[in-house]
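Chemist: Take this structure first; my questions come after.
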Amino acid sequence: MKYYQTVLLRSSAPILTYASPLDLEIGKLVQVPLKSTTKEAVVLKAVAKPDFETENIANVCDAVYLPYQMQIAKFISEYYFSSFSEAISLFLPYRRSGCPHPDNEEDGQDMVNVGVGTPRPTLSSFQQQAYEQLLQKERALLFGVTGAGKTEIFISLMAKMLEEGKSSIFLMPEISLTPQMEKRLKAYFGDAVAMWHSKITKKKKEEILEAIEAGRVRIVAGARSALFTPLSDLGLIVVDEEHDDSYKAMTRPRYHARDVAVLMGQKVGAKVVLASATPSATSFHKYDVVKLANAYVPTRKKYRFIGGDTINAPIIYALREHFEEGGQSLLFLPTRGNFKYLYCQNCGVTHTCPYCSVGMALHRKHRHLKCHYCNYTEAIRDTCVHCGHTPLSSERIGTQEAIEIITEAIEGIKVEQFDRDSITTANKLVKALKRFESGESHLLLGTQMLSKGHDYPNITLSVIMGLDHIIGMADYRARERAVSLLFQIAGRSGRTKEAEVLIQTADPSQYEPYLGDYEKFLKDELLFLEMAHYPPFTSLARILIAHKDEAKASKITLDTVAKLKQFKDIQIVGHGKAPVERIANKYRFTILLRAESRVPLLKALHSVDGREIEVDMDPVEFS
Ligand SMILES: [Zn+2]
Ligand SMILES: [Zn+2]
């Protein structure tokens, strides 16, 4: 008899030891008895006969987690503070030990129509240049404005991989909302490409997995979970819109798909291409940049700044003018967040924490303003510290209200509501876009969803509202979010015609220097981040404590803080009640930590990690 330590999939059970007469490799998927049922488990290692009773492994499956999957799962569990079970459960194992299907072992490569048969897009000289530079690099950031043709470059890279017998993973945020991309990929790769995201059915997933095993599917495009599909001979991982926060998982394991993609590329020797028109300051700082000049769409945009923070006369006037001339418009209103901030309508500045450089949130119940990073509080104020203007405002207009005002003011205008309340399915999205494309509706009015990769050829006017509210949020990346949104929304217009971009802000100086030059913004922003001690120059982590008993939650927080204080090379930025004080009947507390690098931070966190706390490394969300 042989003995194996195993870990159950999707479980918090500890490591369990079972017996088997067979020689089992590490990573082998097995079924083991537990109480009265059988559970799926992974073989961790062989061990000597233990001095306690063991049961036998019930069944050895025809599937295995490859060494790179086991290594990355180990990294995820240690770096993002999850159990190994939670981390390995992200992955899909290789069936038939990762070998090609026996039926086509000899001529498996013919199945994917490789070689001369793969059609390729024609690249402009700018695209060709970027493509050739990317071929030279193991990993790089492809930086090119919206409409510059990054997709053709990805397709060319994937086609090259196919010809070399290698597979590719193409990650996109919100894949279920990008039917246009699916069409384009299918046009080039046919059945060799599969779309993979949470909205596809279980049956469809099984079919795709079978096709991956048989070598028919060699390109998987999808949301962050596509990263964990069992493609063999992986040659390329593309992370499109790499700045998007949906790459960070909001539940355990709280991994960041972009960062895991880079690690996976290193482990399996695959090229990693991150791409964006508005790259994150972090990636711009960390990776080699390949620039893609705007090749064939000379965007002609006229920017104009207007004041106020409601649907006011200049907005109505511009919308009416473009509507009457037969143009189409887009109006952006940011999602109303969990919190309100005190905002000066005169100078556009939000009241910020003196210690953290982030907006202080309004807590009317407690009659105070609070910093969600360090928990510094002060009385609600009425006067702007910058210009003396009074009173300060905290109200913001919602999508519904905006639509009512516009349809009342402009006779005959049809408004398409484009936000999470109205676009709940892919079908509704396709219909809304169709109505807009056909000219049936004239104005696309929505939230952050507008910035996600859709092409609208006829837009002659973009109105961007509420940026000052985004810039004032309790988030060290608030400026990055606001300027990135401005670029993303402005980039949706003027694809084919001259377009006007109306930016509503009380402080144009925040945006004016950067119009048309995101790189200039990134360089300035990196100076700010370095001065204010934020990533990528430091490492951040957040601890969450939730308990039904408020006193108990508070005690766990204080005990943890006391233990963390022994570590001199980390800084406790703040601790106390979480911005959202209660969820699902549990009282929530947080601790925010910072260190010069990740090593001391991880060391301190592992010393306090346990059942009662949850660690979020490199947090992107602070509520
Ligand atoms: Zn002011
Ligand atoms: Zn603060």
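The values are calculated or read from the model by the stated rules, or taken from the named source; none is laboratory data. The shown structure was predicted, so the numbers you read here are calculated from the model rather than taken from an experiment. So basically every Cβ, Gly included, is an ideal-geometry build from the backbone, and we count neighbours across all protein chains shown.
Chemist: Test A275 against the criterion of being in contact with a Phe, Trp or Tyr (Cβ under 6 Å, 6 or more places away or on another chain), under 28 Å from A192 (Cβ atoms) and buried (at least 20 other Cβ atoms within 10 Å of the Cβ), and give yes or no.
Modeler: So A275 fails the test.
Chemist: Is there a residue in the stretch 568-586 that is without any contact (Cβ under 8 Å) to a residue 12 or more places away in the chain and part of a helix (DSSP H, G or I)?
Modeler: no
Chemist: Among the listed residues L135, L142, L123, which satisfies the condition of being in a loop (DSSP other than H, G, I, E, B) and at pLDDT 90 or above?
Modeler: Of the residues listed, the single one that is in a loop (DSSP other than H, G, I, E, B) and at pLDDT 90 or above is L123.
Chemist: Which of the helices (runs of 4 or more DSSP H) found entirely inside the stretch 385-484 contain at least 1 residues meeting this: free of Cβ contacts under 8 Å to residues at least 40 places away in the same chain and farther than 20 Å from L502 by Cβ?
Modeler: 399-409, 426-437
Chemist: Continuing with the same structure: Which condition number does S484 fail, the rest of (1) surrounded by fewer than 20 Cβ atoms within 10 Å (Cβ to Cβ); (2) of a type in the set (S, T, N, Q); (3) touching a Ser or Thr at 6+ places or on another chain (Cβ under 6 Å) being met?
Modeler: (1)
Chemist: Free of Cβ contacts under 8 Å to residues at least 12 places away in the same chain and either more than 18 Å from A506 (Cα to Cα) or crowded, with 16+ Cβ neighbours inside 10 Å (or both): is that true of H351 in this structure?
Modeler: The answer is no for H351.
Chemist: Residues L185, L162: which one is crowded, with 19+ Cβ neighbours inside 10 Å and within 23 Å of the chain's Cα centre (by Cα)?
Modeler: When all the criteria are applied, what remains is L185.
Chemist: Taking the stretch 347-375 on its own, how many of its residues are of a type in the set (D, E, K, R) and within 10 Å of ligand 2 (Cβ to nearest atom)?
Modeler: Result for the stretch 347-375: 1.
Chemist: Is there a residue in the stretch 290-306 that is in a helix (DSSP H, G or I) and not small (G, A, S)?
Modeler: Taking every residue of the stretch 290-306 in turn, none turns out to be in a helix (DSSP H, G or I) and not small (G, A, S).
Chemist: Yes or no: A46 surrounded by fewer than 16 Cβ atoms within 10 Å (Cβ to Cβ) and modelled with pLDDT of 95 or more?
Modeler: yes
Chemist: Where residues in the stretch 340-399 are aromatic (F, W, Y) and touching a strand residue (DSSP E or B) at 6+ places or on another chain (Cβ under 8 Å), which of them is nearest to ligand 1 (Cβ to nearest atom)?
Modeler: Among those that are aromatic (F, W, Y) and touching a strand residue (DSSP E or B) at 6+ places or on another chain (Cβ under 8 Å), it is Y343.
Chemist: State whether the residues of the stretch 491-507 include one that is of a type in the set (S, T, Y), surrounded by fewer than 16 Cβ atoms within 10 Å (Cβ to Cβ) and not in a helix (DSSP H, G or I).
Modeler: Checking the stretch 491-507: at least one residue is of a type in the set (S, T, Y), surrounded by fewer than 16 Cβ atoms within 10 Å (Cβ to Cβ) and not in a helix (DSSP H, G or I).
Chemist: Which one of these is without any contact (Cβ under 8 Å) to a residue 60 or more places away in the chain, polar (S, T, N, Q) and outside any loop (DSSP other than H, G, I, E, B): S156, S168?
Modeler: The conditions single out S156.
Chemist: Same structure again: If you go through the stretch 379-391 one residue at a time, do you hit one that is more than 16 Å from ligand 2 (Cβ to nearest atom) and closer than 23 Å to I543 by Cα?
Modeler: no
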